[in-house]
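In what follows, a single structure is set out as structure tokens and then discussed.
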Amino acid sequence: PIYFDYAATTPLDPKVLKKMLEYLDFNHKKFGNPASRSHKFGWIAEEAVDLARQEIASFFNADYREIIFTSGATESNNLAIKGCANFYKKKGIHIITCKTEHKSVLDSCRYLEENNFHITYLTPQKNGIISLEAIKKAIRPSTILISIMHVNNEIGVIQDIQKISEICKKNHIFFHVDATQSIGKIHIDIQKIHVDLLSFSAHKIYGPKGIGGLYVRRKPRIRLKTLIHGGGHERGLRSGTLPVHQIVGMGKAFQIIKNIFNEENKKITQLKNYFWKKLQNIKEIYLNSDPNYCIPHILNVSFNFIEGESLIMAIKDLAVSSGSACTSSSLEPSYVLSSLGIRDDLAHSSIRFSIGRFTTKEEIDYAYNIIQKAVIKLRNLSPLWEM
Ligand code: PMP
């Protein structure tokens, strides 16, 4: 099958793989524990971790001491939200987030709700954007944290984190951004946007799975209660021996993205426009996000008069994500699409195509042909289709 699921995960960039391998075996002598301070194996590993941390910090225009390594964005979101809530609970117990956030944000909030916190889950507008007025209205004297993602993983819609950060700053509320889907797609300069906490993950940017990070602002400082106790690694915020090969891999992935950012985004924009133009030859197809506020990497569309499961079966030569039940154990349509008020049948027939570094025009032509044939065939079988 052809890969159109870069928003789910990406393959390693070959340069990342090469770098990681150096830090695994005996021959390279770089496999040491960075916490071993008494010998060269430890020093070499520590230096590699420091360099990667610098690389990632400079990507955000941040200080290296503001980057904490975690096992991925799920853990970063947990640490940001629970860590902040638990540290500042004497100051306030109210948190604002949005219904279309990733489950790792929503479920962290649900957990806090069971522990006496109050959470406001904002409903976005029909186009997926959260209105600034809605945010302002939700603020209470007890609000300590607002957690809003930068780019949505299902529909690719971009939130105005600059404006939201201004609201937070003015009201003395901490601001957490899940930037997992925006890294390498939209630039974030931490000096220009007042974010206190920012989550990211390597495997969405051609780095390895199982490693990510949390940016934690130092000036003015935000404090967190730790979730993982132990040897006191990562400034006491996240104990555990550092996975050096993963960290250097993530550092390399950031370095590569920094160098090819503009070029890559230009190429992907062209591919998406080409794909969408072709897809519009198909009748009764709907775009599930606002094209004016959407990254080019994600194209989420619904096909009217088609049953989601049959569509997925008919296009199984394409590796895509679907809002339909057959990809998950539940019969519910995607909660993200439902929150936008999209009808259940259209949510079920939605397909998320995500385009990336290795996508070609030929792959898009191939995909279009498969989709077009499948749609015609399935609609001819449908009693509702009379066009
Ligand atoms: N947030 C968003 C927006 C995501 O897309 C993902 C990955 N699907 C995550 C968080 C979780 O990231 P990880 O896989 O690194 O835990």
query = Looking at Ala73, Ala80, which one is in the same structural domain as Glu234 (by TED's automatic domain parsing), under 24 Å from Leu132 (Cβ atoms) and within 12 Å of the ligand (Cβ to nearest atom)?
reply = Ala80
remark   = Checked segment 1-38 for anything hydrophobic (A, V, I, L, M, F, W, C) and on the phi > 0 side of the Ramachandran plot; matches are none
query = Any idea how many residues of segment 56-104 are crowded, with 23+ Cβ neighbours inside 10 Å, in a helix (DSSP H, G or I) and of a type in the set (Val, Ile, Thr)?
reply = 2
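Select, from Ile130, Ile135, Ile146, Ile139, the only residue that is over 19 Å from Ala179 (Cβ atoms) and either within 16 Å of the ligand (Cβ to nearest atom) or of a type in the set (Val, Ile, Thr) (or both).
Within the list Ile130, Ile135, Ile146, Ile139, the selection yields Ile139.
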request  = Filter segment 227-236 for residues that are touching a Leu at 6+ places or on another chain (Cβ under 7 Å) and closer than 30 Å to Glu154 by Cα and give the result.
outcome  = Leu227
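Can you tell me which residue among Val336, Val375 is touching an Asp or Glu at 6+ places or on another chain (Cβ under 6 Å) and buried (at least 21 other Cβ atoms within 10 Å of the Cβ)? Write out each step before concluding.
On the way: Val375 fails: touching an Asp or Glu at 6+ places or on another chain (Cβ under 6 Å).
After ruling out the rest, the residue left standing is Val336.
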query = Given the conditions (1) within 18 Å of Lys252 (Cα to Cα); (2) in a helix (DSSP H, G or I); (3) of a type in the set (A, V, I, L, M, F, W, C), and given that Leu24 satisfies all but one, which numbered condition is not satisfied?
reply = (2)
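Starting from residues that are within 12 Å of the ligand (Cβ to nearest atom) and free of Cβ contacts under 8 Å to residues at least 40 places away in the same chain, keep the ones in segment 105-117 and report whichever is surrounded by the fewest Cβ atoms within 10 Å (Cβ to Cβ). Write out each step before concluding.
Here is the first cut: in segment 105-117, the ones within 12 Å of the ligand (Cβ to nearest atom) are 105-108.
This time we only want the ones that are free of Cβ contacts under 8 Å to residues at least 40 places away in the same chain, so: 106-108.
On the way: Leu106: 20, Asp107: 15, Ser108: 25.
Restricting to residues being within 12 Å of the ligand (Cβ to nearest atom) and free of Cβ contacts under 8 Å to residues at least 40 places away in the same chain, the top hit is Asp107.
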inquiry  = Pull out all pairs, ordered by first then second residue, where Cβ-Cβ is under 7 Å, the residues are six or more apart or on different chains, the first lies in segment 65-93 and is on the phi > 0 side of the Ramachandran plot, and the second is within 15 Å of the ligand (Cβ to nearest atom).
reply    = Gly72/Ser201; Gly72/Gly210; Gly72/Ile211; Gly72/Gly212
message = Tell me whether segment 221-232 contains one or more residues that are within 27 Å of Pro11 (Cα to Cα) and of a type outside the set (Ser, Thr, Tyr).
response = no
inquiry  = Considering only segment 124-133, I want to know if a residue exists there that is in the same structural domain as Asn152 (by TED's automatic domain parsing), over 21 Å from the mean Cα position of the chain (by Cα), over 28 Å from Tyr293 (Cβ atoms) and surrounded by fewer than 17 Cβ atoms within 10 Å (Cβ to Cβ).
reply    = no
query = When both residues are 6+ apart or on different chains and their Cβ atoms are under 6 Å apart, which pairs have a first residue that lies in segment 1-22 and is modelled with pLDDT of 95 or more, and a second that is among the aromatic types (Phe, Trp, Tyr) and outside any loop (DSSP other than H, G, I, E, B)?
reply = Phe4/Phe353
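The values are calculated or read from the model by the stated rules, or taken from the named source; none is laboratory data. Small disclaimer: the values here were computed from a predicted structure and weren't measured. Here the Cβ is made from the backbone with ideal geometry for all residues, glycine too, and neighbour counts use every protein chain on show.
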